[in-house]
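Below is one structure, written out as structure tokens, with a few remarks after it.
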């Protein structure tokens, strides 16, 4: 009786392992398929852009897109500097005066 129970549990465990292995294989296959689709899509896009560049078309579109990107990046940098400037303006004048005096004493000969 005990042996039958152990064999039954072993059989169920083997089935679970087989099912898990099948699921892993299915997921790996799906991942490989998606990766292949992504690679093919990227290759097609690169080929399309290369073709446009060789024909001299589409360059204007790329330039406009890059200009927009550069403008956005510049706005972000300007915003960061504004924030830093606001933080600096919050420093009390007394602290700034002390810092300037300290620097002058250290740098200038007496």
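Within the listed set 37, 75, 98, the Gaussian network model of the chain (springs between alpha-carbon atoms below 10 Å) gives the highest mean-square fluctuation for 98.
To the nearest whole percent, what portion of all C-alpha pairs in the stretch 8-57 is separated by more than 16 angstrom? Here the long-distance tail beyond 16 Å is 64 percent of all Cα pairs in the stretch 8-57. The long axis of helix 59-89 is offset from the longest Cα principal axis of the chain by roughly 60 degrees. When the chain is treated as a Gaussian network with alpha carbon springs shorter than 10 Å, the biggest mean-square fluctuation among 25, 14, 54 belongs to 14.
Note on the chain: Cα Rg divided by 2.2 N^0.38 Å, N the number of residues, gives 2.54.
When shorter helices are ignored and each DSSP H run of at least 4 residues is given -39500 (n - 2.57), the per-residue value for the chain at 222 nm works out to -33000 deg cm²/dmol.
The numbers here are math on the coordinates, done by the rules we state, and not lab data. The structure presented is a predicted model; accordingly, all values stated were derived computationally and were not measured.
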